[in-house]
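The values are calculated or read from the model by the stated rules, or taken from the named source; none is laboratory data. Treat the numbers as computed from the prediction; the structure is a model and nothing was measured. We place every Cβ from the backbone using ideal geometry, glycine too, and count neighbours over all the protein chains shown. Ligands, DNA and RNA are stripped out before the accessible areas are found, and what is left, the full protein with its side chains, is counted by its heavy atoms. Shrake-Rupley method; radii C 1.70, N 1.55, O 1.52, S 1.80 Å.
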Amino acid sequence: MSEKKNTIAVRGLILGDGFPKICVPVTACGLQELEKQVKNIRTVPCDMVELRADFFEGDPIEELTALREALPDLPILFTFRTKKEGGEREITPEDYAALNRQAAENQADLVDLEYNRGEDFISGLCYELHENGVKVVMSFHDFEKTPAPDKITGLLTRMQQLGADITKAAVMPRCEYDVLSLMTAAVEMKERLVDRPYIMMSMGALGGITRLAGTLTGSSVTFASAGAVSAPGQMDAAFVAQVRSVLSGI
């Protein structure tokens with residue numbers, strides 16, 4: 001067994017303590033829809049929210065400000081994904097960096113940076129965001145396949161070296177063995193390699209079990225919906241909370 005991995009605290013929420021937290025995505029395209037989604041979020045178990053800024057048709061920082069006013073106590077993870085990264089809009093590298101800097105300066109608690117944008121670019125931006133006092137979730141996505149377990153753990157340990165506060169891998173399974181490969185990689189991180197919180201999931205309906213098994217695999221956050229979903233395979237937050245309680249013995 002490895003030593004207990006480090007935890008991080010965000011607005012009093014402890015990540016990496018063995019009890020997976022529920023993060024609900026916000027996918028509003030405008031402020032009116034944002035208000036509706038916030039009302040839904042208030043009705044479900046929710047530990048933090050992910051603002052998917054690529055869905056918003058206006059200024060994402062205006063949306064971030066409105067979300068902070070509506071949910072003053074919940075940690076906000078700011079995320080912008082391009083279509084290649086599973087998102088809704090395109091953005092230049094320069095604008096991507098500028099937008100994430102603005103988010104860090106405007107009350108985002110965490111910012112998601114896509115590892116596939118390149119190590120030099122991401123590590124430099126990670127340093128800048130840390131200077132503004134926010135935590136960085138460094139994420140890797142593969143929407144085509146599931147890499148081998150050692151490839152996944154290698155990616156996450158590399159993200160640790162690059163300065164991520166939380167590492168994340170989301171991959172697409174083609175068969176049941178792929179789901180088990182992802183879970184094997186997660187347990188390997190938990191038992192031997194981890195020194196900070198991580199998030200791991202297998203996407204789509206086939207990978208649904210990985211969104212429920214954080215108490216086993218050590219994944220510190222699971223993404224669940226309050227009506228709107230941001231990725232294939234997300235389940236209802238109330239259902240996820242119920243399963244979490246059963247598996248955690250509470």
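Go through region 180-206 and give me each residue that's small (Gly, Ala, Ser), modelled with pLDDT of 95 or more and surrounded by fewer than 23 Cβ atoms within 10 Å (Cβ to Cβ). Before the answer, list the steps.
The initial filter retains those residues of region 180-206 that are small (Gly, Ala, Ser), namely 181, 185-186, 202, 204-205.
Keeping just the survivors that are modelled with pLDDT of 95 or more gives 181, 185-186, 202.
Ser181 - this is the single residue of region 180-206 that is small (Gly, Ala, Ser), modelled with pLDDT of 95 or more and surrounded by fewer than 23 Cβ atoms within 10 Å (Cβ to Cβ).
Any residue at all in region 133-156 that is closer than 21 Å to Leu182 by Cα, open to solvent by less than 10 Å² (accessible area, probe 1.4 Å) and more than 14 Å from the chain's Cα centre (by Cα)?
yes
Looking at region 30-47, is at least one residue within 16 Å of Gln107 (Cα to Cα), open to solvent by less than 60 Å² (accessible area, probe 1.4 Å) and at pLDDT 95 or above?
no
Please count how many residues of region 54-65 are open to solvent by less than 40 Å² (accessible area, probe 1.4 Å) and closer than 15 Å to Val38 by Cβ.
3
Across region 105-139, what is the total count of residues that are touching a residue at least 60 places away in the same chain (Cβ under 8 Å) and more than 17 Å from Met48 (Cβ to Cβ)?
0
Considering every residue within region 108-128, establish whether at least one is part of a loop (DSSP other than H, G, I, E, B), open to solvent by 30 Å² or more (accessible area, probe 1.4 Å) and either on the phi > 0 side of the Ramachandran plot or out of contact with any Leu (no Cβ under 7 Å at 6 or more places or on another chain) (or both).
Filtering region 108-128 down to residues part of a loop (DSSP other than H, G, I, E, B) leaves 108-109, 118.
Add one more test, that the residue is open to solvent by 30 Å² or more (accessible area, probe 1.4 Å), and what stays is none.
Scanning region 108-128, I find no residue that is part of a loop (DSSP other than H, G, I, E, B), open to solvent by 30 Å² or more (accessible area, probe 1.4 Å) and either on the phi > 0 side of the Ramachandran plot or out of contact with any Leu (no Cβ under 7 Å at 6 or more places or on another chain) (or both), so the answer is no.
So, in region 131-146, how many residues would count as being modelled with pLDDT under 95, aromatic (Phe, Trp, Tyr) and either in contact with a strand residue (DSSP E or B) (Cβ under 6 Å, 6 or more places away or on another chain) or under 12 Å from Asp165 (Cβ atoms) (or both)?
0
Would region 56-71 turn up any residue that is part of a loop (DSSP other than H, G, I, E, B), among the small types (Gly, Ala, Ser), more than 19 Å from Pro197 (Cβ to Cβ) and without any contact (Cβ under 8 Å) to a residue 60 or more places away in the chain? Spell out the reasoning first.
Filtering region 56-71 down to residues part of a loop (DSSP other than H, G, I, E, B) leaves 56-59, 71.
Those still in the list that are among the small types (Gly, Ala, Ser) too: 58.
Now drop any that are not more than 19 Å from Pro197 (Cβ to Cβ), which leaves 58.
So of that shortlist, the ones also without any contact (Cβ under 8 Å) to a residue 60 or more places away in the chain come out as 58.
There is at least one residue in region 56-71 that is part of a loop (DSSP other than H, G, I, E, B), among the small types (Gly, Ala, Ser), more than 19 Å from Pro197 (Cβ to Cβ) and without any contact (Cβ under 8 Å) to a residue 60 or more places away in the chain.
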